[in-house]
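To keep things clear, I will list the structure first and then write my remarks on it.
The values are calculated or read from the model by the stated rules, or taken from the named source; none is laboratory data. Note that the structure is predicted; figures quoted are calculated from it, not measured. Because the Cβ atoms are built from the backbone with ideal geometry, glycine has one as well, and the counts that use them run over all protein chains shown. Note: accessible area is taken over every heavy atom of the protein model, side chains too, but ligands, DNA and RNA are not part of it. Shrake-Rupley method; radii C 1.70, N 1.55, O 1.52, S 1.80 Å.
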Amino acid sequence: MINTLLICGGGGSEHQVSLRTADFIERQLCELEEVALERVEMDGNGRLTDRHGQVRRLDQDRTLRDENGGAWEVHYVIPAIHGYPGETGDLQSLLDLFGIPYYGCGPEASKICFNKVTTKLWLSALGIDNTPYQYLSSREPEELAKASMALEEWGQVFVKASNQGSSVGCYKVSSTQELDRALEQAFALSPYVLVEKCLKVRELEVAVYPYEGKLVITPPGEVCAPAGSFYSYEEKYSDASRAVTHVEAPGLSEAQVSWIHEAARRAFIGLQLKDLSRIDFFLTESGEIYLNEVNTFPGMTSISMFPKMMAHAGHDFRRYMANLIRAAVNRQS
């Protein structure tokens, strides 16, 4: 039996979404006879509690302990936390220190991809086109002037806090007054801010994951945000979302699909991703394709694209997880 610890929550802005992702994973793993599952919820201080509200502690000897002296050996961890400390690499660093194998990308890849600025630098180094942008490192006048010039040149921009996930700290701006407010809000969330050119695009995404020994890159799916809006946090995760999704985007040419496939492959390998990612692209009206974002732990709610695209590709999530868990634990032993 493989003792598997599912850690969710995190105490941040995406805490509730992380719980819903954990619900999906738990339902899948509960059907695997070889997996014994324990679920704990992390708060903003890193404290773990089980489903009965009892405080638990993960120790360096790879044991989950409770307040009454109970101990449970942990063979594998699923860090189902969106945002800090799950997608930022912090939790993965701790697990590496403890020598516990886990689901998902390592600390370095997680940290690179969670920061929108470093993601762009790496994509450029890998020769992958990404959206035009300006990078602000402070609120000094010369830095803010770069944002004003970008707005003047491009007419409309997105202001993004660099190290927030799932459209948190993302503001669409078309006036100087909106720009000042957006920069203030973004810098309150992050020490670095990205100002990106606002493009009229189709939003495409692929799921990338290993399955039966092969790296799978699904056909591009598409997210259609409501008219006049963008794919905000609310549209991404609310059950009342008005966004329309297609597990396979209609009307793409063979060349466009091929470009997206190759860019996703190069990003997954070049960034040294592991186990899963959802990689998002923009297709402009003039036919340009940009890699927009790399998600190292995509959402798995009832409306999330990663599990939908995996199912559409004919792959079983339970089998996929069982293979990953078994292989990781075998490598450890």
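Amide H to amide H distances under 5 Å link Glu293 with Asp280, where only residues 5 or more positions off or on other chains count and H is placed in the peptide plane. In region 246-289, taking the dipole from charged Cβ atoms about the Cα centre, the farthest positive-side position among Ala263, Thr284, Ser253 is held by Ala263. Quick one: in region 189-229, what % of C-alpha pairs are over 15 Å apart? Tail of the P(r) past 15 Å holds 65 percent of the pairs. The HN-Hα couplings worked out from phi for region 89-99 by the Karplus form 6.51 cos²θ - 1.76 cosθ + 1.60 (θ = phi - 60°) are x, 5, 5, 5, 4, 5, 5, 4, 4, 7, x Hz, whole numbers, x standing for Gly and Pro.
Under 1.5 on a/c is rounded, so check that first for region 2-104, then, if it is not, pick prolate when a/b is larger than b/c and oblate when it is not; a ≥ b ≥ c are the square roots of the alpha carbon gyration tensor eigenvalues. Note, shape of region 2-104 comes out rounded.
What do the square roots of 5 times the Cα gyration tensor eigenvalues come to for region 80-226, in whole Å, largest first, as semi-axes of the equivalent ellipsoid?
On the way: eigenvalues 187, 79, 35 Å².
In descending order, the three semi-axes are 31, 20, 13 Å.
Out of the total accessible area of the chain (probe 1.4 Å, heavy atoms of protein only), what percent is carbon and sulfur?
On the way: 7120 of 14940 Å².
With neighbouring chains kept in place, the figure for the chain is 48 percent.
With all protein chains kept in place, the per residue accessible area of the chain amounts to 45 square angstrom at a probe of 1.4 angstrom.
Looking at region 65-139, which GluC sites (Glu not before Pro) are in a loop (DSSP not H, G, I, E or B) and have at most 16 other Cβ atoms within 10 Å?
When the GluC sites (Glu not before Pro) of region 65-139 are filtered for loop state and at most 16 Cβ neighbours within 10 Å, Glu67 remain.
With a/c under 1.5 counting as rounded, go ahead and sort region 44-83 into rounded, prolate or oblate using the C-alpha gyration tensor (a ≥ b ≥ c being the square roots of the eigenvalues; past the cut-off, prolate if a/b is larger than b/c, else oblate). Judged from the Cα gyration tensor, region 44-83 comes out oblate (a/c at least 1.5, b/c at or above a/b). Note: relative contact order over region 174-333, using C-alpha pairs below 8 Å and six or more positions apart, is 24 percent. With distances taken between every two different alpha-carbon atoms, region 266-319 has a Kirkwood hydrodynamic radius of 12.8 Å.
Determine how many Å³ per residue the convex hull of the Cα atoms of the chain encloses.
Working: hull volume 47.0 nm³, N = 333.
Considering the Cα atoms of the chain, their hull volume per residue is 141 Å³.
Between Glu152 and Ser258, the simple label model (points 7 Å from Cα in the Cβ direction) yields a spacing of 4.3 nm. Here the calculated FRET efficiency for Arg27 and Asp129, from their Cβ-Cβ distance with R0 = 41 Å, stands at 0.60, rounded to the nearest 0.05. A Gaussian network model of the chain, with springs between Cα atoms under 10 Å, assigns the largest mean-square fluctuation among Met305, Met149, Met321 to Met149. Within the full protein context, the accessible area of Arg39 is estimated at about 40 Å² for a probe radius of 1.4 Å.
Backbone phi angles across region 74-79, fed through the Karplus curve with coefficients 6.51, -1.76 and 1.60 (θ = phi - 60°), yield HN-Hα couplings of 9, 9, 7, 10, 10, x Hz in residue order; Gly and Pro are listed as x.
Of the GluC sites (Glu not before Pro) in region 153-226, the ones in a loop by DSSP (not H, G, I, E or B) with at most 10 other beta carbons within 10 Å are Glu212.
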